[in-house]
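**Student:** Pasting in a structure now, in structure tokens, and then I'll have a few things to ask.
The values are calculated or read from the model by the stated rules, or taken from the named source; none is laboratory data. Just so it is clear, the structure is predicted and the values come from calculations on it, not from any experiment. All Cβ positions, glycine included, derive from the backbone under ideal geometry; neighbour counts span all protein chains shown.
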4 protein chains.
Amino acid sequence: MPPHKLNLAMIGTGSIAKAHSNAFRQVGHFFDIPYALNLRVVCGRDQNKLEAAAARWGWAETATDWRAVVGRPDIDVVDIAVPNALHAPVAIAAAQAGKIVLCEKPLATSLSEAETMADAMRAVPSLVWFNYRRIPAVAFAKRLIDEGRIGQTYHYRATYLNQSGNDPSKATTWRYRRSEAGTGAAGDLLSHSIDSALYLNGPIAELTAMAHTFAPGRDVDDATLLLARFANGSVGTFEATRYGVGRRNRKTFEINGSKGMLRFNLEVMNQLEFLDATDPPNQQGVRNLSVTGPDHPYSNNFWKPGHIIGYEHTFITTLGDFLGTLNQHQPSHADLDAAVAVQRVLDAVERSAATRIWVKL
Amino acid sequence: MPPHKLNLAMIGTGSIAKAHSNAFRQVGHFFDIPYALNLRVVCGRDQNKLEAAAARWGWAETATDWRAVVGRPDIDVVDIAVPNALHAPVAIAAAQAGKIVLCEKPLATSLSEAETMADAMRAVPSLVWFNYRRIPAVAFAKRLIDEGRIGQTYHYRATYLNQSGNDPSKATTWRYRRSEAGTGAAGDLLSHSIDSALYLNGPIAELTAMAHTFAPGRDVDDATLLLARFANGSVGTFEATRYGVGRRNRKTFEINGSKGMLRFNLEVMNQLEFLDATDPPNQQGVRNLSVTGPDHPYSNNFWKPGHIIGYEHTFITTLGDFLGTLNQHQPSHADLDAAVAVQRVLDAVERSAATRIWVKL
Amino acid sequence: MPPHKLNLAMIGTGSIAKAHSNAFRQVGHFFDIPYALNLRVVCGRDQNKLEAAAARWGWAETATDWRAVVGRPDIDVVDIAVPNALHAPVAIAAAQAGKIVLCEKPLATSLSEAETMADAMRAVPSLVWFNYRRIPAVAFAKRLIDEGRIGQTYHYRATYLNQSGNDPSKATTWRYRRSEAGTGAAGDLLSHSIDSALYLNGPIAELTAMAHTFAPGRDVDDATLLLARFANGSVGTFEATRYGVGRRNRKTFEINGSKGMLRFNLEVMNQLEFLDATDPPNQQGVRNLSVTGPDHPYSNNFWKPGHIIGYEHTFITTLGDFLGTLNQHQPSHADLDAAVAVQRVLDAVERSAATRIWVKL
Amino acid sequence: MPPHKLNLAMIGTGSIAKAHSNAFRQVGHFFDIPYALNLRVVCGRDQNKLEAAAARWGWAETATDWRAVVGRPDIDVVDIAVPNALHAPVAIAAAQAGKIVLCEKPLATSLSEAETMADAMRAVPSLVWFNYRRIPAVAFAKRLIDEGRIGQTYHYRATYLNQSGNDPSKATTWRYRRSEAGTGAAGDLLSHSIDSALYLNGPIAELTAMAHTFAPGRDVDDATLLLARFANGSVGTFEATRYGVGRRNRKTFEINGSKGMLRFNLEVMNQLEFLDATDPPNQQGVRNLSVTGPDHPYSNNFWKPGHIIGYEHTFITTLGDFLGTLNQHQPSHADLDAAVAVQRVLDAVERSAATRIWVKL
């Protein structure tokens, strides 16, 4: 039986669009999926960028009117890789047109917007690109937790540090404007950390947060920090900043539980630190696991044990899992409800930062 | 001129008393001090421990009544190495008797107690053993900061993680009882982190905190976490816990500033991580400095470059600096006001954790 | 002007063939190359593997007779991804047929074979896949060396450790048989280390080597170790083993020179350790550079700074550079002479290991 | 019963003499030894240094004639902390006078000298200060090996890198002169690595070595490198250099065996890396053990778990073990025969480096 053909439209031509295009091209090389992806049309505002993207990645056509694109009957999938403020209109229109919707994270610029989007999107299959869930090391951490290897969780601590905001002359993209991004470090970086936390450690019960903007005149947060209590009784700290000078892309989590510890750092994303507190005390030490197989998530998809993968593969695993379950009418793991849950936490963070009080979820 | 003789009395026989005894024995081997320390009397409640301590470290006498000891005219220095709740009565009595007072940290079990102690202790020379200030790597961090190498500070983040509380069958010392310790992780661990922060990054302007106790029935905090704004405009996170499973003594700080980054971890205390953000961008990387000389603080006091020191030397440097300036009628760096300032932050932490609101300092 | 079309044939269907296929698919996405690569035919012995490879990577046809394939007039490029002993016949036939030849490393199973191949291959453009030269961190190391940042080299030390041979029940591929592989760890692992060394530190003047086989009955070396003098006056150690239990793919080099130090580890291939010995002594520390841009080799080809690449990208950069210079009639960096030079060192290693004496090159 | 008093004489006033003095002062604080050490006389050539050493460490007298000192009837122990070439005459005279002899490593400047010394010294208790055997992490490595946790050893690799020789203006001590030191990096650094190897991995069966001097006019080796076969069937590499620019005191060993791996680095001497290859494959990772207790060698002697020790403690443990067994008429572990065995390997290294052939032991 030949694979079912899916015609794709991508809205956006920026750096995330590049990562999505690559995933569309590569997913079939590493995952057994029952679809042939047809890169039908790329849509954006800048004709030069459009033509470059089409030439580079093999999009068959270019277009400038996303409303027209999402309404085209020949399109099966609409991928959204545009500034945050545009996610909602495109996603809602695409869902209403019956398209499969793939939407870059964060889902929306506000909780209410996210909920409106979700209402529309529940009618169709959808994916929100929380790509860092499906790093092999993160998925393996989840497996160890689910197997009880960490025991009762006591602590969850997360940082996401980069230094992108420290040069005001460069920090001028849409990501630094409230009107297009909604928030700054919160939506851009913290959303990833929250997604990982909800995935690995369950719901947050309450939190208190602060936001800070270092650059004069900038209307989004440069840094957002919070304390949290999780529903499982553990306590947490989160810190996301664009002023983490010295750190280029340091997304970490560390979990301390009654039976062990886990630590992850995106900068060395093929590794997972694991301590088994049931080992004899004098042999307990943080193990540096190379999560490249054997017997690790996704290790059969890519290369031989010890041969690392990188940033782009996080999109490929996300897409591979989505397409692998698409025809089973099962919810994808990184699904819509999870993305709304992240947005709900971000909303609580914003409210707490504004009111300076603890907020329950 | 022969060195001036100082007769010492030590109150306490526990593990900290061991570290103090060692410092008394060793300081003259590594520092040029104009004093001969005479270990005159060790005082405690348990005769076996007293005799063991005296035999081991050469205390000339043992005693069981600290009030009698601090009143002895032949005693010049009273060293306090007893549970926190006893710091105040001993220190006040010793100060009133005109003795030089050396007091283990934290200074007191409450701010009001600390202020009462300070009122009495200002009349005499005194030292509070915040020994982690005078680690070569920490002192070198301070020097780099003072020289402007980090620029404007954006972020300060500190953790102090151990796993001492995770075994309820073992966690039964005075450190786990409010009546003797005042607080749990806050006074034991967080106080060190706060001292480092005030030393390196200046005053905290406001904070919001949470405290948590994991063990049923325990009446002190197992973990205390906080967010802070510093007077210099930077923002901070602090986390101190006895449930940091997998970590035995992990006291860290990381500072991100406009010109660089610093990171320290007590587990590898001879090292300091430093990034110079004024290096060419493609050559910027976190440098792992071996702070063992040359041209590092205290490097001439101990061994040749590359030869590391350990936990006990933090007491020796603290004492060496104190004795080196004792006859100059200058305040010691780790002085009384600094210890009260730490207590003031701990007090704000307790109040914030109780009221769940931001507290200004 | 439309890109020139190149029709490719690949001989082989194993794990290296997968990496090559991926590079053919991906190179145009990340490099500006004036060619359109057409995956025309994949050739092998196992029809199931052939069909799987064709389906997965889009090879238009399959074939089982490599001699027929290399003679096809519609083929422009022959890629060789078969066991070492087959490199020579395929490469020579392809070169004689005027094809561009891409050959997996090591070039040959012996020096004489390599020289015979080279004689034939000099008539055509060719590439030997010494893919680890063109890791950004390695290329950046080369740049720093060439700029004089390391000064006079004193020491070069290299290891390549994996544990593939430790399980005799698994170590049964052609790589463990002399008839197909020529050598064991020497050709498989050491060849990469030698290539890096010649690239970074220049010719080896003389060496003494030992080879050892741990597994009874195996007729290739499990480990090869050597001491070397380089023409530039530095001294070196090399160790390559399949019994480096605990290490999955640890290819390292460390260079100590009068002005600095460099260290690389393939397991964290996006990083380069660099020490600048001209920094003030108290600020000298090994810098952990994230070689992901800005201003690093290949950083504009892939993702934003801080976003890592992996194993497969080493093939992409190698191919990208080759195709970028193909029409300039310039030799590619990782060219034929370099591959022969590696073989010459491997030959000296074999002779020294057999005779137990120093061998000059 | 009061402890037996031992009167000590120390010959030497340099940096090693400082470490020995410290050990004499400290051993009783951390080890239960049935002796009271009486620092009776320090002997050297420079009166200023002598008086400084006596004042600093409490040596009761100074002397300038070592022959007179070793013959004094009131002296029980002679400690030798002078340049290597003086070890033999002092040790032999002291042994002939019936003194307990403590001798700094390496034992001698040649094998024949070492054997002559040993002949004399066998009549008395003696210690050779191979202090790095008795680091807790190294002793724990030995325990794991003896318990079979590493299985059959395949590989042993050792480096000892510092950069002391790289500044010719500074490298002017006796350590850089053949007449006083015998050898350069070989006796100074490699001897430690050989001692560790013999201790952990057993005898060396044969070796091939090279020595190199980078500085013009210097008559000792700046670097010595070798390949070895051990009697147990494993193969090894050793590298010792004073031109390891970027490394201040990097003494490492790594052992790969059929059941696991061990790695040690003196720069972080409180840690031991351990991989258990019998763990499930997906949970195998190099564990970073903090060898500070509980249940680690010497962990009860010093501080609480997680509180590190340093360079000086390696002398204290060595002395503590020696004194602990002195009255049991048992050989000390780091005993004379072991020191002669190291010298025998150093002799083979010298011969191999001179003749450029493999040398059997």
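To keep it simple, each residue is scored yes or no on (1) in contact with a Lys or Arg (Cβ under 8 Å, 6 or more places away or on another chain); (2) under 25 Å from residue D:262 (Cα atoms); (3) within 12 Å of chain D (Cβ to nearest Cβ).
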{"site": "C:185", "(1), (2), (3)": "yes, yes, yes"}
{"site": "C:196", "(1), (2), (3)": "yes, no, no"}
{"site": "C:203", "(1), (2), (3)": "no, no, no"}
{"site": "C:219", "(1), (2), (3)": "yes, no, no"}
{"site": "C:223", "(1), (2), (3)": "yes, yes, yes"}
{"site": "C:236", "(1), (2), (3)": "yes, yes, yes"}
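**Student:** Okay, moving on. Specify which of the listed residues (D:104, D:113) is over 30 Å from residue D:286 (Cα atoms) and within 15 Å of the chain's Cα centre (by Cα).
**Tutor:** Details: D:113 fails: within 15 Å of the chain's Cα centre (by Cα).
Step by step, each of D:104, D:113 is checked, and only D:104 is over 30 Å from residue D:286 (Cα atoms) and within 15 Å of the chain's Cα centre (by Cα).
**Student:** From the residues in region B:174-183 that are in contact with a Ser or Thr (Cβ under 8 Å, 6 or more places away or on another chain) and assigned to a loop (DSSP other than H, G, I, E, B), which one is nearest to residue B:221 (Cα to Cα)?
**Tutor:** Checked region B:174-183; the qualifying residue nearest to residue B:221 (Cα to Cα) is B:183.
**Student:** Give the residues of region C:1-26 that are among the hydrophobic types (A, V, I, L, M, F, W, C) and in contact with a strand residue (DSSP E or B) (Cβ under 7 Å, 6 or more places away or on another chain), sorted by residue number.
**Tutor:** Within region C:1-26, the subset among the hydrophobic types (A, V, I, L, M, F, W, C) is C:1, C:6, C:8-11, C:16-17, C:19, C:23-24.
If the condition is that a residue be among the hydrophobic types (A, V, I, L, M, F, W, C) and in contact with a strand residue (DSSP E or B) (Cβ under 7 Å, 6 or more places away or on another chain), then C:6, C:8, C:9, C:10, C:11, C:16, C:17, C:24 are the ones that fit.
**Student:** In region B:288-320, which residue that is at pLDDT below 95 and within 15 Å of residue B:32 (Cα to Cα) is nearest to the other protein chains (Cβ to nearest Cβ)?
**Tutor:** B:299
**Student:** Quick check: anything in region D:161-173 under 30 Å from residue C:221 (Cα atoms), modelled with pLDDT of 95 or more and out of contact with any Asp or Glu (no Cβ under 7 Å at 6 or more places or on another chain)? Give the steps one after another, and end with the answer.
**Tutor:** Initial filter on region D:161-173 (under 30 Å from residue C:221 (Cα atoms)): D:161.
Filter again for modelled with pLDDT of 95 or more, leaving D:161.
Restricting the remaining residues to those that are out of contact with any Asp or Glu (no Cβ under 7 Å at 6 or more places or on another chain) gives D:161.
Yes - at least one qualifying residue is present in region D:161-173.
**Student:** Against the definition (modelled with pLDDT of 95 or more and either under 22 Å from residue A:135 (Cβ atoms) or among the aliphatic types (A, V, I, L, M) (or both)), how does residue A:241 come out, yes or no? Explain how you work it out, then say what you get.
**Tutor:** Values: modelled with pLDDT of 95 or more: yes; either under 22 Å from residue A:135 (Cβ atoms) or among the aliphatic types (A, V, I, L, M) (or both): yes.
Considered against the rule, which asks whether it is modelled with pLDDT of 95 or more and either under 22 Å from residue A:135 (Cβ atoms) or among the aliphatic types (A, V, I, L, M) (or both), residue A:241 comes out as yes.
**Student:** Also: Please tell me if residue D:245 is over 20 Å from residue D:299 (Cβ atoms), within 7 Å of another protein chain (Cβ to nearest Cβ) and part of a loop (DSSP other than H, G, I, E, B). Explain how you work it out, then say what you get.
**Tutor:** Values: over 20 Å from residue D:299 (Cβ atoms): yes; within 7 Å of another protein chain (Cβ to nearest Cβ): yes; part of a loop (DSSP other than H, G, I, E, B): yes.
So residue D:245 passes the test.
**Student:** What tally of residues in region D:1-39 results from selecting those that are aromatic (Phe, Trp, Tyr) and part of a helix (DSSP H, G or I)?
**Tutor:** Looking only at region D:1-39, we keep the residues that are aromatic (Phe, Trp, Tyr), and these are D:24, D:30-31, D:35.
Checking which are part of a helix (DSSP H, G or I) leaves us with D:24, D:30.
Residues flagged as aromatic (Phe, Trp, Tyr) and part of a helix (DSSP H, G or I) within region D:1-39 amount to 2.
**Student:** If you don't mind, there's one more thing I want to ask. Where in region B:253-361 are the strands (runs of 3 or more DSSP E), entirely inside, with at least 2 residues that are polar (S, T, N, Q)? Give the derivation first.
**Tutor:** Numbers: elements: B:260-265, B:271-276, B:285-290.
Answer list for region B:253-361: B:285-290.
**Student:** Checking residue B:101 against (1) within 20 Å of residue B:174 (Cα to Cα); (2) in contact with a strand residue (DSSP E or B) (Cβ under 6 Å, 6 or more places away or on another chain); (3) surrounded by 24 or more Cβ atoms within 10 Å (Cβ to Cβ), which single condition isn't satisfied?
**Tutor:** Here residue B:101 clears every test but (1).
**Student:** Further, regarding this structure: Is there any pair with a first residue in region A:327-348 that is charged (D, E, K, R) and a second that is modelled with pLDDT of 95 or more and assigned to a helix (DSSP H, G or I) whose Cβ atoms are under 7 Å apart and which are 6 or more apart or on different chains, and what are they?
**Tutor:** Cβ pairs passing all conditions: A:344/A:111; A:347/A:111.
**Student:** Restricting to region C:261-282, and then to whatever is crowded, with 24+ Cβ neighbours inside 10 Å and not aliphatic (A, V, I, L, M), can you tell me which residue is farthest from the other protein chains (Cβ to nearest Cβ)?
**Tutor:** Within region C:261-282, the match that is farthest from the other protein chains (Cβ to nearest Cβ) is C:264.
**Student:** Sort out which residues of region B:1-51 are without any contact (Cβ under 8 Å) to a residue 12 or more places away in the chain and within 12 Å of chain D (Cβ to nearest Cβ), and write them in order of number.
**Tutor:** The answer is B:15, B:28, B:29.
**Student:** Could you please give the count of residues in region B:16-37 that are of a type in the set (Lys, Arg) and closer than 16 Å to residue B:301 by Cβ?
**Tutor:** Within region B:16-37, the subset of a type in the set (Lys, Arg) is B:18, B:25.
Now narrow it down to the ones that are closer than 16 Å to residue B:301 by Cβ: B:25.
The total comes to 1.
**Student:** Further question on the same structure: Evaluate region C:91-99: report whether one residue or more is more than 12 Å from every other protein chain (Cβ to nearest Cβ), more than 30 Å from residue C:268 (Cβ to Cβ), free of Cβ contacts under 8 Å to residues at least 24 places away in the same chain and not acidic (Asp, Glu). Before you say what the answer is, go through the steps one by one.
**Tutor:** Narrowing region C:91-99 to residues more than 12 Å from every other protein chain (Cβ to nearest Cβ): C:91-99.
The next check asks that each one be more than 30 Å from residue C:268 (Cβ to Cβ); those that pass are C:91-99.
This time we only want the ones that are free of Cβ contacts under 8 Å to residues at least 24 places away in the same chain, so: none.
For region C:91-99, residues more than 12 Å from every other protein chain (Cβ to nearest Cβ), more than 30 Å from residue C:268 (Cβ to Cβ), free of Cβ contacts under 8 Å to residues at least 24 places away in the same chain and not acidic (Asp, Glu): absent.
**Student:** Please name all residue pairs, on different chains or six or more residues apart, with Cβ atoms under 8 Å, provided the first residue is in region B:216-236 and is in a strand (DSSP E or B) and of a type in the set (D, E, K, R) and the second residue is modelled with pLDDT under 95 and buried (at least 24 other Cβ atoms within 10 Å of the Cβ).
**Tutor:** Here the result reads none, with nothing in region B:216-236 linked to a residue that is modelled with pLDDT under 95 and buried (at least 24 other Cβ atoms within 10 Å of the Cβ).
**Student:** Moving on. If I filter region B:193-211 for residues that are buried (at least 18 other Cβ atoms within 10 Å of the Cβ) and of a type in the set (D, E, K, R), do I get at least one hit?
**Tutor:** If we filter region B:193-211 for residues that are buried (at least 18 other Cβ atoms within 10 Å of the Cβ), which is where we start, we get B:193-201, B:204, B:207-211.
With of a type in the set (D, E, K, R) added as a condition, the list becomes B:195.
Checking region B:193-211: at least one residue is buried (at least 18 other Cβ atoms within 10 Å of the Cβ) and of a type in the set (D, E, K, R).
**Student:** In region D:193-208, which residues are of a type outside the set (Phe, Trp, Tyr) and either under 20 Å from residue D:250 (Cβ atoms) or not in a strand (DSSP E or B) (or both)?
**Tutor:** If the condition is that a residue be of a type outside the set (Phe, Trp, Tyr) and either under 20 Å from residue D:250 (Cβ atoms) or not in a strand (DSSP E or B) (or both), then D:193, D:194, D:195, D:196, D:197, D:198, D:200, D:201, D:202, D:203 are the ones that fit.
**Student:** Considering region D:268-312 alone, what residues qualify as being touching a Leu at 6+ places or on another chain (Cβ under 6 Å) and touching a residue at least 40 places away in the same chain (Cβ under 8 Å)?
**Tutor:** D:272, D:274, D:289, D:291
**Student:** Does residue C:285 satisfy the condition of being within 30 Å of residue B:296 (Cβ to Cβ) and either within 7 Å of another protein chain (Cβ to nearest Cβ) or touching a helix residue (DSSP H, G or I) at 6+ places or on another chain (Cβ under 7 Å) (or both)?
**Tutor:** Working: within 30 Å of residue B:296 (Cβ to Cβ): yes; either within 7 Å of another protein chain (Cβ to nearest Cβ) or touching a helix residue (DSSP H, G or I) at 6+ places or on another chain (Cβ under 7 Å) (or both): yes.
When the stated conditions are applied, residue C:285 passes them.
**Student:** Show the residue pairs meeting these rules: Cβ distance below 7 Å; 6+ apart or different chains; first residue within region B:144-164 and in contact (Cβ under 8 Å) with a residue 40 or more places away in the chain and closer than 20 Å to residue B:187 by Cα; second residue in a strand (DSSP E or B) and among the polar types (S, T, N, Q).
**Tutor:** From region B:144-164, the pairs are B:157/B:237; B:158/B:252; B:159/B:252; B:161/B:241.
**Student:** So which residues in region D:177-201 are more than 28 Å from residue D:144 (Cβ to Cβ) and of a type outside the set (A, V, I, L, M, F, W, C), if there are any at all? If you could, list the steps in order and put the result at the bottom.
**Tutor:** Of all residues in region D:177-201, those more than 28 Å from residue D:144 (Cβ to Cβ) come to D:177-188.
Result: D:177, D:178, D:179, D:180, D:182, D:183, D:184, D:187, D:188.
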